[in-house]
Amino acid sequence: MAQRPAASRASAEPDFLQFNDLACESVSGRVIFATDEWFAPAVNLLKRDPPHFDPLAFTAFGKWMDGWETRRKRKPGHDWCVVQLGIPGQIYGFDVDTSFFTGNHAPYVSIQATCLDEPPTITLTGDRTGMAATVSETEAIAKLGSEAWPTLLGVSQLKPGYSDSCHNYFHVNFPHRVTHLRLNMYPDGGIARLRVYGVGQRDWSSVSAHQDIDLVALTNGGVCLSYSDAHFGHPRNVIGLGSAVNMADGWETARQLDRPKELKVDERGILQVPGSEWAVFRLGHCGVINSIEVDTSHFKGNYPDSCRIEACTLTPEEEDQCLWTSCSAGKWDLLLPSQKLHPHHRHHYRGAELMLRRPITHIRLVIAPDGGISRLRLWGQPTLMSSGSPNQHRPTSKL
């Protein structure tokens, strides 16, 4: 029988979990160096899927583990690896997940960071199980001077990988753009996943004022700020890269419990139901929206009946107040009126279908009564606003 999520655990989760995982393999994050990968390779740290455990799985080097695990160190020093973020940006928090590493987790970690103008050509290929860094790999990584990078997370203790202690959350206060991380484990052991939660930052000076760009995409700094329900999938997924791979790669809510026993529709065929679900997104840059794509791919028996999109223009201070009031203030204007949706379909809206022709910074996607969306694209032209959008005036300085 499924276990009900613990309310105390949900309330204890940090706010930064709303943001995007900038290091995940699904956004092209990768490990470019690791001192040792004897039991399990460091590339596992960045897997999209949650870690799992197979009690019967062994390799020629020992117990198979779904994470990064080094051998028991018998010489001076400690183990560490270097991660190249898939999306450079500002980091707000980490989840160092030790799932299933119960007698072999790394006791302590620290994390350092830098911003490089050009990514290094260093790369790791193939199955690294049973391997350690070669002399040439160590010499190549030494040129980056990672031991001197600024510290985002000082030496911190990790809890073992039991279900009630595996997520080690750490807040970060570092107002700089980051491209690479150095994860230090002291002295050795295992870590299942490294989640790097933050907001992407791009150089907008290279974007033409006449160029249409997806202003809500995570690669362009879009971010989910709040939502009503994410029972089966988080709404941050809808601004992800490319097409969704399955339903788990989208936003899906539970079924509305107050839906009528018998359903009725209006003259447009849209269900007349009292309930709805919503998610609020901040655009990566203030802009005028010219076209919208709402993609329900993979959602065939659980797509929403309809959707609408509201929009507003907020300063950082107004955004904070909006979130404090659950974004229910009267600042929202209609961008896209209610539209009947179809299963497993890419819906496109443009021109006269869009109600606003002024710059906006935030949107609220409302689906009725419930269901799943795989992707949301808001194509438009970035513009300046006199008061500055929340992302537009964020620090983007390099280290």
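The values are calculated or read from the model by the stated rules, or taken from the named source; none is laboratory data. Note that this is a predicted model, so its numbers are computed, not measured. Cβ coordinates were reconstructed from backbone atoms using ideal geometry, including for glycine residues, and neighbour counts include every protein chain displayed. Quick note on the areas: whole protein, heavy atoms, side chains included, nothing else; ligands and nucleic acids left out. Shrake-Rupley method; radii C 1.70, N 1.55, O 1.52, S 1.80 Å.
Matching residues to (1) within 25 Å of Trp38 (Cβ to Cβ); (2) open to solvent by 70 Å² or more (accessible area, probe 1.4 Å); (3) of a type in the set (Ser, Thr, Tyr):
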| residue | (1), (2), (3) |
| --- | --- |
| Ala132 | yes, no, no |
| Leu144 | yes, no, no |
| Ala148 | no, yes, no |
| Gly154 | no, no, no |
| Tyr162 | yes, yes, yes |
| Cys166 | yes, no, no |
| Asn173 | no, yes, no |
| His176 | no, no, no |
| His180 | yes, no, no |
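Here Glu310 does not qualify as modelled with pLDDT under 95 and charged (D, E, K, R). Restricting attention to region 44-67 and to residues that are surrounded by 22 or more Cβ atoms within 10 Å (Cβ to Cβ) and of a type in the set (A, V, I, L, M), the residue that is farthest from Arg182 (Cα to Cα) turns out to be Met65.
As a summary of the residue check, Pro187 satisfies the conditions (1) open to solvent by 20 Å² or more (accessible area, probe 1.4 Å); (2) closer than 17 Å to Val83 by Cβ; (3) touching an Asp or Glu at 6+ places or on another chain (Cβ under 8 Å) except for the one numbered (2).
Quick grid of which residues meet (1) under 30 Å from Thr35 (Cα atoms); (2) of a type in the set (Ser, Thr, Tyr); (3) in contact (Cβ under 8 Å) with a residue 24 or more places away in the chain:
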| position | (1), (2), (3) |
| --- | --- |
| Gly198 | yes, no, yes |
| Ser243 | no, yes, yes |
| Met247 | no, no, yes |
| Gly250 | no, no, yes |
| Ala254 | no, no, yes |
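Only a single item in (1) over 18 Å from the mean Cα position of the chain (by Cα); (2) of a type in the set (Phe, Trp, Tyr); (3) modelled with pLDDT of 95 or more is not met by Tyr197, and it is number (1). Contact annotation: residue pairs with Cβ atoms under 6 Å, 6 or more positions apart or on different chains, pairing a residue in region 329-356 that is under 15 Å from Ala311 (Cα atoms) and modelled with pLDDT of 95 or more with a partner that is open to solvent by 90 Å² or more (accessible area, probe 1.4 Å) and not in a helix (DSSP H, G or I), are Leu334/Met355; Leu335/Met355. Would you confirm, using the coordinates I've provided, whether Phe299 is open to solvent by 60 Å² or more (accessible area, probe 1.4 Å), in contact (Cβ under 8 Å) with a residue 12 or more places away in the chain and not aliphatic (A, V, I, L, M)? Spelling it out, it is not the case that Phe299 is open to solvent by 60 Å² or more (accessible area, probe 1.4 Å), in contact (Cβ under 8 Å) with a residue 12 or more places away in the chain and not aliphatic (A, V, I, L, M). Could you go through region 193-201 and let me know if any residue there is open to solvent by 10 Å² or more (accessible area, probe 1.4 Å) and assigned to a loop (DSSP other than H, G, I, E, B). For region 193-201, residues open to solvent by 10 Å² or more (accessible area, probe 1.4 Å) and assigned to a loop (DSSP other than H, G, I, E, B): present. Within the option set Glu293, Glu252, being open to solvent by 10 Å² or more (accessible area, probe 1.4 Å), at pLDDT 95 or above, closer than 23 Å to Leu356 by Cβ and not small (Gly, Ala, Ser) holds for one residue only, Glu293. A search for C-beta distances below 9 Å between a residue of region 266-283 that is under 19 Å from Ile373 (Cα atoms) and any residue that is acidic (Asp, Glu) and loosely packed, with under 15 Cβ neighbours inside 10 Å, counting only pairs 6+ apart in sequence or on different chains, returns Val273/Asp258; Gly275/Asp258. Pro76 meets the conditions (1) touching a residue at least 24 places away in the same chain (Cβ under 8 Å); (2) part of a loop (DSSP other than H, G, I, E, B); (3) not hydrophobic (A, V, I, L, M, F, W, C) in every case but one. The failed one is (1). Out of Val96, Val43, Val109, Val83, one residue alone is over 22 Å from Val27 (Cα atoms), in contact (Cβ under 8 Å) with a residue 12 or more places away in the chain and outside any loop (DSSP other than H, G, I, E, B). It is Val109. Would you point out the residue of region 363-385, among those that are among the charged types (D, E, K, R) and in a strand (DSSP E or B), that is farthest from Ile292 (Cα to Cα)? Residue satisfying both the conditions and the ranking: Arg364. The condition of being in a loop (DSSP other than H, G, I, E, B), open to solvent by less than 70 Å² (accessible area, probe 1.4 Å), of a type in the set (A, V, I, L, M) and at pLDDT below 95 holds for Leu124. Within region 268-290, the set of residues being under 27 Å from Leu257 (Cβ atoms) and open to solvent by 30 Å² or more (accessible area, probe 1.4 Å) comprises Arg268, Leu271, Gln272, Val273, Pro274, Ser276, Trp278. Looking across region 218-239, the residues that are in a loop (DSSP other than H, G, I, E, B) and buried (at least 23 other Cβ atoms within 10 Å of the Cβ) come down to Gly221, Gly222.
Being of a type in the set (A, V, I, L, M, F, W, C), in a loop (DSSP other than H, G, I, E, B) and at pLDDT 95 or above is a condition met by at least one residue of region 147-161.
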